[in-house]
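Student: Quick one: the structure is below, questions incoming.
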Amino acid sequence: MACREDSCFLSRLPRKPSMKHLALLAAAPLVLALASPLAHANSGASASLSFNVIAGPGFTWLTTPVSVADSASTAAEITGFELSAGIFSPVYGPVSSATNVVPGVGVPVSSAPSAAGGVFGNAFSFGVPSAATLSASALVPESGRADATSFARSHFSLAAGASVTFQGALLLSVTGTNIALPANYSTGDFYSYASGLLAVGSDEALRELGGPASTGMVGSYSLNDIGTLSLTVTNTTGSLLTTFLDSGVTVYSASVVPEPGTYALLLAGLGAIVFTVRRKSATR
């Protein structure tokens, strides 16, 4: 069906894009980048596991071998970018790290905070004879990365025919805001991750959230997982079983703000296009 020149939208489009249209197209990404509220990147991750022991007669935390709680964290800011083969890769500043390994019974108390500028990582554990809490968090307000792990290996014995259940409440969260990075940026580092684990031997209960699969997620995001980890062990050997429980939480978070030089190059390119358009208009 034909349309009139004054009413058909498609007929109003130029047959061939002019330099003016090209300038507008070139400016659009820059305008969006500078005006976008996503110009401030940030990210964070947290994990908390609180578990208790449901057991009848025959379960005992051991003093030999000694149980160990291991808390660790690192934090580092991005101080610049390194250009190699046309790709901008982040350069990290000095790494702040902390480790605290504590022996004891069950899940001993352990804490390890770290900070580099505005980037923070923290991990801690706290245990009592029948329950324990492990927690890890990472916060990157703008550019940098942080990770934290709270892990415990708790030795116990279980009488023949006895059972024990380790049951935990797990809270995982990864949040943040990612800006759209130019194609010449290496983005492999920039994602958030959180996990929680209970394991005895080859039997385990594991939950994970985020991870490298979320690399390149643009805009504001908030992923949360609240669940229960439950692991039951029964001694069917006919004799006293001596083994251990591995429990832990792990987080990682990283975000980046593009190199200012990237926007400078875009501005220079835009300026050249505008100059060409004006010069062409003046010669007509």
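The values are calculated or read from the model by the stated rules, or taken from the named source; none is laboratory data. What you see is a predicted model; the values in this text were computed from it and never measured. Positions of Cβ are generated from backbone atoms using ideal geometry, with glycine treated the same way; all protein chains shown enter the neighbour counts. What goes into the accessible areas is simple: the full protein's heavy atoms, side chains included, and nothing from ligands, DNA or RNA. Shrake-Rupley method; radii C 1.70, N 1.55, O 1.52, S 1.80 Å.
Student: Quote the convex hull volume per residue of the stretch 128-217, based on C-alpha atoms, as a whole number of Å³. Provide the component values of the computation, followed by the final result.
Tutor: Working: hull volume 11.4 nm³, N = 90.
Hull volume normalised by residue count: 126 Å³.
Student: Could you tell me the convex hull volume per residue, in Å³, taken over the Cα atoms of the stretch 46-172?
Tutor: On the way: hull volume 16.8 nm³, N = 127.
Here the figure is 133 Å³ per residue.
Student: Another question about this same structure. Just to make sure I understand: if all protein chains stay in place, what is the order of His155, His40 by accessible area at 1.4 Å, largest first?
Tutor: Numbers: His155 30, His40 125 Å².
My answer, sorted largest first, is His40, His155.
Student: Give me the distance in nm between label points sitting 7 Å out from Cα along the Cα-to-Cβ direction at Thr232 and Ala160, one decimal.
Tutor: Roughly 2.2 nm, to one decimal.
Student: Each label point is 7 Å from the Cα along the Cα-to-Cβ direction; what then is the distance between the points at Leu62 and Ala131, in nm?
Tutor: 2.7
Student: Let me ask you something else. Stretch Ala213-Val101 to full length: gain in nm at 0.36 nm per residue minus the Cα-Cα span?
Tutor: Details: separation 112, 0.36 × 112 = 40.32 nm, distance 3.16 nm.
Contour length minus the Cα-Cα distance gives 37.2 nm.
Student: Give me the distance between the Cα centres of the stretch 161-211 and the stretch 128-147, rounded to whole Å.
Tutor: 12
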